[in-house]
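Single-structure report; data block below.
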Amino acid sequence: MDIIVEGIKQAFILLFTLDPEVMGITWLSLKVSGSATFISLFIGISVGTAVALTQFPGRRFVVSLINTGMGLPPVVVGLFVTIFLWRNGPLGFLEILYTPTAIIIAQTVIATPIVMGISLAAMQAL
């Protein structure tokens, strides 16, 4: 129990003294999450609004894909992104696996269908 208490105490000391390593990790986390959120909002609102306001063949299929995307487990998305970015994968030539860019891509893939679904529902409610 003393080890846990000591660990929590050390964590607060590192946070409140603005340890450079902790601040670097925090800043990287904010950049990655913020970038993924911005990209998801841009793509999700655009596509969700377009699907809501237009009638086209296959619209119901696209709405089904959006709904399916909202239920994808993050582990599955991570697996697919890893396969695509793997050295032998279709995007392996980019050599970005295990980088913040790959994390941004995975978070964007997870969040975009949710944003699309919300914007689609909001536009249909009008």
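The values are calculated or read from the model by the stated rules, or taken from the named source; none is laboratory data. What you see is a predicted model, and the numbers here were worked out from it, not measured in a lab. Cβ atoms come from the backbone with ideal geometry, glycine included; neighbour counts cover every protein chain shown. To get the accessible areas, we keep the full protein, side chains included, count just its heavy atoms, and leave off ligands, DNA and RNA. Shrake-Rupley method; radii C 1.70, N 1.55, O 1.52, S 1.80 Å.
If I take R0 = 30 Å and measure r between the Cβ atoms of Q10 and L79 in this structure, what FRET efficiency does the formula 1/(1 + (r/R0)^6) give, to the nearest 0.05?
The computed FRET efficiency comes out at 0.30.
Starting from the 7 Å offset along Cα-to-Cβ, what nm value, one decimal, do you get for the label separation of A50 and M123?
The modelled label-to-label distance comes out at 0.9 nm.
Given all pairs of different Cα atoms, what value in angstroms does the Kirkwood hydrodynamic radius of the chain take?
Final number for the Kirkwood radius of the chain is 17.2 Å.
Can you give the Kirkwood hydrodynamic radius of the stretch 31-73 from its Cα pairs, in Å with one decimal?
Averaging 1/r across every pair of different Cα atoms and inverting gives 11.6 Å.
Find, among the chymotrypsin sites (Phe, Trp or Tyr not before Pro) in the stretch 3-93, those assigned to loop by DSSP (not H, G, I, E, B) with at most 12 other beta-carbon atoms within 10 angstrom.
Sparse-neighbourhood loop chymotrypsin sites (Phe, Trp or Tyr not before Pro): W86.
Across the stretch 82-92, in residue order, what do the Karplus-derived ³J(HN,Hα) couplings come to in whole Hz, using 6.51 cos²θ - 1.76 cosθ + 1.60 with θ = phi - 60° and x for Gly and Pro?
For the stretch 82-92, the Karplus curve yields 4, 4, 5, 8, 4, 3, 8, x, x, 10, x Hz.
So what's the angle, to the nearest 10 degrees on a 0 to 90 scale, between helix 59-70 and the longest Cα principal axis of the chain?
Tilt relative to the chain: about 10 degrees.
Quick check: pseudo-label points 7 Å beyond the Cα along Cα→Cβ at T17 and M1, how many nm apart are they?
Distance between label points: 2.7 nm.
Could you report the chain's accessible area per residue, 1.4 Å probe, as an integer in Å²?
72
How much mean residue ellipticity at 222 nm does the chain get from its helices, if each DSSP H run of length 4 or more adds -39500 (n - 2.57) and you divide by all residues, to the nearest 500 deg cm²/dmol?
About -27000 deg cm²/dmol.
With just the Cα atoms defining each centre, how far is the stretch 80-126 from the stretch 1-40? Give it in Å.
For the stretch 80-126 versus the stretch 1-40, the Cα centre distance is 24 Å.
Rounded to the nearest 0.05, what FRET efficiency do T26 and T101 have when you use their Cβ-Cβ distance and R0 = 30 Å?
0.95
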